[in-house]
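Comments concern the structure below.
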Amino acid sequence: MPTVYNKEGAALEVNLRPALPGDAPGIIRLIRGQYGENYMPSFYDRDWLAGSIARGALRFSVAELPGGDLGGMAGLDAEGHFPGSLILVLLLVDKALRGYGLGKLISPSVLEMASRIPCTCEYAHCLTVEPISQSFLEMSGFKMTGLLLNRYLLDPAAYYASVADLPPKTSHLIACKMRDKRDAGLLYVPEPYRSFAGRIYQALGAAYTLAPPQDRDTAAGPAEFSHSQTKADRHCELIIRKTGPGLTEALAELIEAYAALPRQSFNVFINMNDPGCPPLCAFLEEQGFFFTGLQPLSGANEYLLYHYAPGPDDPFYKVAVVPGFRAHLDWMRSLYRKSLS
């Protein structure tokens, strides 16, 4: 059993191992300790969680204490929004055990677990209220590719809530690592963001082709998109897998339905392999959205991101990123200011 120590020199023995279906109650306890009842509802369902672990849809590396309780964990989700990709989730340590370095012990084990699972890419959404996890992933070969702004209302009980003067909603920096998908294909990227996209794919080591600028209203056939509105966080996430007739009208109705809610925010993923991407981006910019980066190599398609928060708060307030992404952060902040004019 590995032994870890806190600053006072107190020792803690842990058994680092893959999670079993019977660990579901302990995993739920750790989730509640961090997020209260505000995490994705399905993760609080013991039977669903145990079944997902049993079939390999969710995999966790857990730190088991001598008494059998779980002191921390980190997970992998193979059935997220982008089938074929693998997202790192839920790096959690029991609040009573913080200071022992359990997170540093668990993180490498879950990355080693991920390396054995076929996928198009590994990615993570790292908190921007503190860049520690960003730095760890960067040192592990991940590249920072975009921002997901204003996602969750700040939980006063969260471990980072002691940081002074935090924004009302927390944001994430996207970290991505190329795996089995090594060619992004033909990309339809609006002219202002083509250079950024090229730099990201080159950093990832993936091949890509930028389609020449052209005027296209939509792709042929019906649109394919989904959305989820998180009531507690007042956040709407949309994934546009295919453009088509009536899409902009449907989006306009959806935006109008939620935009008046306090602290409401929107993040939109748009398939860049779809020739209707640039016209859709132009429509969103007319609605006040602005570009915030890429979610690349994520399953069958490549996605760019747009954000919109109708309220008066600056979405970049207290956003912290690793040094290599700061120039991009400043540029995206300028796009936000432009969207206000």
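A short reminder: the numbers here are calculations on the coordinates, not readings from a lab. None of the values given here were measured: they were computed from a predicted structure. Quick reminder, even Gly has a Cβ in these numbers, built from the backbone with ideal geometry, and neighbours come from all protein chains shown.
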Nearest-ten-degree value, helix 247-259 long axis tilted from longest Cα axis of the chain: 50 degrees
Identify which of the listed values of P(r) over Cα pairs in 10 Å bins from 0, in percent was calculated from the structure shown: (i) 5, 24, 34, 24, 10, 2, 0; (ii) 5, 23, 31, 21, 12, 5, 1, 0; (iii) 5, 18, 21, 18, 16, 12, 7, 3, 1, 0. (i)
Under 8 Å for C-alpha pairs, at least 6 residues apart: give me the relative contact order for the chain, rounded to a whole percent. 14 percent
For the stretch 183-340: rounded, prolate or oblate by the Cα gyration tensor [a/c cutoff 1.5]: oblate
Which trypsin sites (Lys or Arg not before Pro) in the stretch 95-133 pass both tests, a DSSP loop state and at most 12 other beta-carbon atoms within 10 Å? 116
Total charge dipole magnitude, the stretch 183-340, about the Cα centre, Cβ charges on Lys, Arg, Asp, Glu only, Debye to nearest 20: 540 debye
Exposure-ranked with fewest Cβ neighbours within 10 Å first, 47, 77 stand as 47, 77
Neighbour-count ranking [beta-carbon atoms within 10 angstrom, fewest first] of 133, 171: 133, 171
Any idea what the dipole of the stretch 1-106 comes to, in debye rounded to 20, about its Cα centre with Lys/Arg Cβ at +1 and Asp/Glu Cβ at -1? 200 debye
Which pairs, out of 181/242; 177/231; 231/318; 143/169, put more than 27 Å between their alpha-carbon atoms? 177/231
Magnitude of the charge dipole, the stretch 3-178, Cβ model with Lys/Arg +1 and Asp/Glu -1, debye to 20: 220 debye
Skipping prolines and chain starts, which residues have an amide H placed within reach, meaning under 5 Å, of the one on residue 292, given they are 5 or more residues away or on another chain? 305, 306, 307
Kindly put 52, 298 in sequence by how many other C-beta atoms sit within 10 Å of each C-beta, fewest to most. 52, 298
Over what distance in Å are the Cα centres of the stretch 75-120 and the stretch 209-283 separated? 30 Å
Work from the charge dipole of the stretch 3-178 (Cβ charges, +1 for Lys and Arg, -1 for Asp and Glu, about the Cα centre) and give the residue of 120, 22, 60 farthest towards its positive end. 120
Just flag the trypsin sites (Lys or Arg not before Pro) in the stretch 298-341 sitting in loop per DSSP whose Cβ has no more than 15 other Cβ atoms within 10 Å. 318
